Amino acid sequence: MALTRRTTLLAGAALGGAALLAGCADHARPAAEAPEQSAAAERLRARAARDSTALLARYDATLAAHPALGTPLRPLRAEVARHAEAFASDQPSAGASASASTSASAPPAGAARGAGAPRVPADERGARTALADAERTLADARTAALVSAPPELARLLASVAAAGAAHAYLLTETG
């Protein structure tokens, strides 16, 4: 009988604890969602969109300087364009999203040859290494930003950082 009473008591305590946690979780949820729309979150999202757009420009400059790298770089570039679009899609300005989506498949003619275009090493290996370094640096920055990001933005940053790390690996592999 003592075992039955002990089991009943433990089961009741577990159910009570679960009910308390469920009640606390419901009250905490609106507070956790509020930071998604905070000014700090918007600044972080805007910076992530700008960083992806700058990386996209680096891909465009590299493709313009080394057309032979088109086959390995175009899929990576397309992903970076989608990343820029994902960060810009929740921004108040929809123009950034539209420009990112229209540039997802191929660089605009002459876009990477402007005065503000990133410098690209003259040799293909150096160009791939420079892209890998840019991807790695950006992935590291996004990983560091996870600490201050609200949950949804943190998930997006983590996913894009992981993709950037994979891109860096692929760019450094000899083809």
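The values are calculated or read from the model by the stated rules, or taken from the named source; none is laboratory data. Keep in mind that this is a model prediction, so the values were computed, not measured. Backbone-built Cβ (ideal geometry, glycine too); neighbour counts: all protein chains shown. Keep in mind that these areas ignore ligands, DNA and RNA; they rest on the heavy atoms of the full protein, side chains included. Shrake-Rupley method; radii C 1.70, N 1.55, O 1.52, S 1.80 Å.
The table below lists the values:
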item: Given (1) open to solvent by less than 70 Å² (accessible area, probe 1.4 Å); (2) at pLDDT below 95; (3) not in a helix (DSSP H, G or I), index of the condition residue 97 fails; result: (3)
item: Filter pass, residue 152 being in contact (Cβ under 8 Å) with a residue 40 or more places away in the chain, open to solvent by 20 Å² or more (accessible area, probe 1.4 Å), under 12 Å from the mean Cα position of the chain (by Cα) and over 15 Å from residue 47 (Cβ atoms); result: yes
item: Looking only at the stretch 119-134, and only at residues there that are outside any helix (DSSP H, G or I) and not β-branched (Val, Ile, Thr), the one that is nearest to residue 61 (Cα to Cα); result: 119
item: Matching residues, the stretch 100-128, being modelled with pLDDT of 80 or more and under 19 Å from residue 51 (Cβ atoms); result: 118, 119, 120
item: Residues that are more than 23 Å from residue 60 (Cβ to Cβ) and surrounded by 13 or more Cβ atoms within 10 Å (Cβ to Cβ), drawn from the stretch 135-147; result: 143, 145, 146
item: Condition check for residue 71: open to solvent by 30 Å² or more (accessible area, probe 1.4 Å) and at pLDDT 50 or above; result: yes
